[in-house]
Amino acid sequence: GENVEQHPSTLSVQEGDSAVIKCTYSDSASNYFPWYKQELGKRPQLIIDIRSNVGEKKDQRIAVTLNKTAKHFSLHITETQPEDSAVYFCAAVYGTGNQFYFGTGTSLTVIP
Amino acid sequence: DTAVSQTPKYLVTQMGNDKSIKCEQNLGHDTMYWYKQDSKKFLKIMFSYNNKELIINETVPNRFSPKSPDKAHLNLHINSLELGDSAVYFCASSQDPGGNGDNEQFFGPGTRLTVL
């Protein structure tokens, strides 16, 4: 099965700085890589995703990059704001596509 | 309108009991999922199910069983509850997980299960 590793587990940044979260996956058949944000006490929600035929995708202050050869993908948040504070999960989807394998999560704290 | 709903939101019960958590989605999605999130916030898939196949994570004890009366519902039954079952359980659904269409998973609000 797929194995997704995520680093770091916790990350603190000053407001306005950038934050980077990295994930690696093991199965080269994985072809879809979403990122979810979970605020305290709430449900995970999709913030950005990327497919294996794309190397980079950007949506305002967030961007995701994918290196298929190295089997890793990263989330970049620029100009961080306090409301970016949350737990972020990466995921890899493979096989029939019914299996979403999540990373272990990164707790991001943006210090005002 | 609530896309994915779960009931109950909180569930407190004694060890050894049998309980169910209900999940409904009104998005017309074909695939539904159950996840367990423990105290360390790890999000682990338990089941995924559509009208064609049930995929079970092999680490899930057989005390847990999904039941789908129709495409819009995937309920989770848990027999002989144990202390270690305490966690937040999330239901989710997606439209086209295997294709090139919309793969986004929509999560329910979660059910916090506490086993005493």
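FYI, it's all coordinate maths here, none of it is from the lab. Everything numeric here is computed off the predicted structure, so don't read it as measured data. FYI the Cβ positions are ideal-geometry reconstructions off the backbone, even for glycines, and counts take in every protein chain you see.
Label-to-label distance for A:K68 and B:T114 is 4.9 nm, based on points extended 7 Å past Cα in the beta-carbon direction.
Ranking request for peptides B:12-18, B:85-91: highest mean number of other beta-carbon atoms within 10 Å first, then the rest in descending order.
Working: B:12-18: 11.7, B:85-91: 21.6.
Ranking, from highest mean packing down: B:85-91, B:12-18.
How much of the pair distance distribution for chain B lies past 17 Å, counting alpha-carbon pairs only, in percent? Tail of the P(r) past 17 Å holds 52 percent of the pairs. On full extension, the segment bounded by A:A29 and A:R61 gains 8.6 nm, given 0.36 nm per residue less the C-alpha separation.
Calculated on the Cα set of region B:1-68, radius of gyration then Dmax: 13.2, 36 Å.
Considering only the other residues whose Cβ falls under 9 Å of the Cβ of B:P61, what net charge follows from Lys and Arg at +1 and Asp and Glu at -1? Intermediate results must be reported in sequence, preceding the final value.
Numbers: positive: B:R63; negative: B:E82, B:D85.
Result for the neighbourhood of B:P61: -1.
Run the quick spin-label model on B:D70 and B:N51: label points 7 Å from Cα toward the beta carbon, then report their separation in nm to one decimal. Here the modelled spin labels are 1.2 nm apart. Considering the protein assembly as shown at the alpha-carbon level, its Rg and Dmax are found to be 17.5, 50 Å.
Subtract the Cα-Cα distance of B:T7 and B:T59 from 0.36 nm times their separation in residues, and report this length gain in nm to one decimal. List each step's numbers first, then the result.
Values: separation 52, 0.36 × 52 = 18.72 nm, distance 2.45 nm.
Working it through step by step, the gained length comes to 16.3 nm.
Using a Förster distance of 35 Å, how high is the FRET efficiency between A:R51 and B:N17, based on the Cβ-Cβ distance and rounded to 0.05?
Details: r = 44 Å, r/R0 = 1.25.
E(calc), rounded to 0.05, equals 0.20.
Inverting the pair-averaged 1/r between distinct Cα atoms of region A:39-112 gives 13.7 Å as its Kirkwood hydrodynamic radius. Grab the beta carbon distance between A:E39 and A:E2, set R0 = 25 Å, and tell me the FRET efficiency rounded to 0.05. According to the calculation, E is roughly 0.45. If you wrap the tightest convex hull around every Cα atom of region A:7-58 and split its volume per residue, you get 121 Å³. Using the Cβ of A:D27 as centre and a radius below 12 Å, the other residues enclosed give a net charge of +1, where K and R count +1 and D and E count -1.
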